[in-house]
1. Please find, within segment 249-267, the residue that is surrounded by the fewest Cβ atoms within 10 Å (Cβ to Cβ) out of those that are closer than 29 Å to Ser165 by Cα and without any contact (Cβ under 8 Å) to a residue 40 or more places away in the chain.
2. Restricted to segment 302-321, and to residues that are β-branched (Val, Ile, Thr) and in contact with a Phe, Trp or Tyr (Cβ under 8 Å, 6 or more places away or on another chain), which residue is nearest to Gln243 (Cα to Cα)?
3. For Ile40, which of the numbered conditions (1) in contact (Cβ under 8 Å) with a residue 12 or more places away in the chain; (2) in the same structural domain as Gln117 (by TED's automatic domain parsing) fails to hold?
4. Among the listed residues Arg68, Arg42, which satisfies the condition of being closer than 19 Å to Met118 by Cα and among the basic types (Lys, Arg)?
5. Just checking, how many residues over segment 274-305 are surrounded by fewer than 16 Cβ atoms within 10 Å (Cβ to Cβ), outside any helix (DSSP H, G or I) and among the small types (Gly, Ala, Ser)?
6. Let me confirm something: among Ile102, Ile59, which residue is touching an Asp or Glu at 6+ places or on another chain (Cβ under 9 Å) and hydrophobic (A, V, I, L, M, F, W, C)?
7. Give the residue that is modelled with the lowest pLDDT, with candidates limited to residues of segment 312-337 that are surrounded by fewer than 18 Cβ atoms within 10 Å (Cβ to Cβ) and not in a loop (DSSP other than H, G, I, E, B).
8. Take Gly427 and tell me if it is buried (at least 16 other Cβ atoms within 10 Å of the Cβ) and either at pLDDT below 85 or assigned to a helix (DSSP H, G or I) (or both).
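The values are calculated or read from the model by the stated rules, or taken from the named source; none is laboratory data. Here the structure is a predicted model, which is why all the values come from computation and not from measurement. Reconstructed Cβ throughout: ideal geometry from the backbone, glycine too, with neighbour counts over all protein chains shown.
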Amino acid sequence: MLRFSKWYAAFILVLCGLGVIIAVLNFMPKAWTDAFPVKIPRYSLGLDLQGGSHILLAIDSQFVRRERLENKRDDVRRLMNDQPRIGYTGLAIQGDTVVLRIRDAAQIPVARERLRQMEAPLGSALAFGATIRESELTEPEPGLLRLTLTEAGFNERVRSAIDQSIEIVRRRVDQLGTTEASIARQGRDRILVQVPGLQDPQELKRLLGQTAKMTFRLVDQSVSVEQAAAGRAPPDAEVLEGQQAGTRYLVERRVMVAGDDLVDSQPSFDQRTNEPIVTFRFNVNGARRFAAVTQENVGRPFAIVLDNKVISAPVIREPILGGSGQISGQFTAQSANELAILLRAGALPAPLIPLEERTVGPGLGADSIEAGKLAAYIAIVLVAAFMVATYGFLGLLANIALLVHVSVIFTGMALVGATLTLPGIAGIVLTIGMAVDSNVLIYERIREELRSGKSVIASIETGFTKALGTIWDANITSLIATVILFFVGTGPVRGFAVTFAIGIITTVFTAVTFVRLMVAIWVRTRRPTSLAI
């Protein structure tokens, strides 16, 4: 148990040393660490510590419902006007239903068959393995057709609208240059936006009211991207970055179709190959322009540009005349859904209504940090004093491990990009007490072995071996509860769960591995015949 190879011992010491160094650098001024040739990972301060803006937004679900009904009515009109044209009357919206009456009884079966296309499952639901129909077709009397929105379909549209809005909000907030913003769904139809360091919520409201700019433009193939980047780009083209790192495109400046003309985009599956695809649909103006562009440019790449970044550049295989099309490629269900969200991110799907907005002053953050520091200092001093008074030299080793434990917690938070909040500080303070629990279990077992007459080395060996199972059981059960707390909780609760979970992992590492290594080194160098414990 106390045998270590030199390589393993060196690895543990280097790992702990790096943890301490990164933690110390995180307390240095950011401007100073930014000058380093290697990027130093840093944790960020939450809204409650740094101050900033907090806004709770709700999507206008009635707008979503009204828009979907109007789109359904327009789709019904388009289907009835397809060749051969079907005569109808009384096309209107009644509550959650689009109704119309077919004039010629002989055309009722054809009309019914066309409208059944609108009962197809939602593409976004397919991407998540569900089957949800947005509307249901009924015929209460011959010739009277009713297309009714289902509640499940409407809820799915609201969910999709929230996903789209979150993507837009995130892109807008990223313009502030902050990486600590928290943007999360709250309930079914709300979005919580927290931006630490931003003291003006009105500025945030204005920012969220902007619309992402999406354009459809042709890829210029007259010269290579490398030649264009070297300054030989045509005057009517520009080089834009791609969605993937390192990819660039030479794109014409002329906008062929504006993103404002995009009505909808959904993930779906190709009926022939069953592969994930992304479908899109334009309004009348966009459909006309899109048809003209695809007719004249078959075989050319067509770039989809969002915020001056090419998110996709599919090749036009054939003219697309119906105002809708699909993008195929090496998609998974998840990546197709993400691309569909990006395509829809050209404009907010519905107004976002501010329900709550407030500014948290930096003074609260300073007070919280000082209180947290004081609590941590007091906890460390009292725990360290108790360990030395109770276990002597072994208690001193446990205190060294305790300092490493706290350092590794901050390093772990920096590596995963976690945000430190006031509840997170409470979690760190709590793990300080828990960190020595494992050492107490080991040391008490060593005491028992010494009292039974065993040698120092045998007692230490047995203490670490026999206490290991109890340590694992205790910490695994705590970690399970913490993981559940993270996924179930929101906001400050999740902040506590993150720091507490990292603390549990580092507790096991420092107590079982680092302390054992220090004890092994001490035993090898000193060869003790007695132990005061």
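1. Pass one, segment 249-267, residues closer than 29 Å to Ser165 by Cα: 249, 251-267.
Checking which are without any contact (Cβ under 8 Å) to a residue 40 or more places away in the chain leaves us with 252-254, 261.
Details: Glu252: 16, Arg253: 12, Arg254: 10, Asp261: 20.
Across segment 249-267, the extreme among qualifying residues is Arg254.
2. So the residue we want is Val310.
3. (2)
4. On the way: Arg42 fails: closer than 19 Å to Met118 by Cα.
After applying the criteria, what remains is Arg68.
5. Final tally of qualifying residues: 1.
6. On the way: Ile102 fails: touching an Asp or Glu at 6+ places or on another chain (Cβ under 9 Å).
It is Ile59.
7. Ser328
8. On the way: buried (at least 16 other Cβ atoms within 10 Å of the Cβ): yes; either at pLDDT below 85 or assigned to a helix (DSSP H, G or I) (or both): yes.
Answer is yes for this residue.
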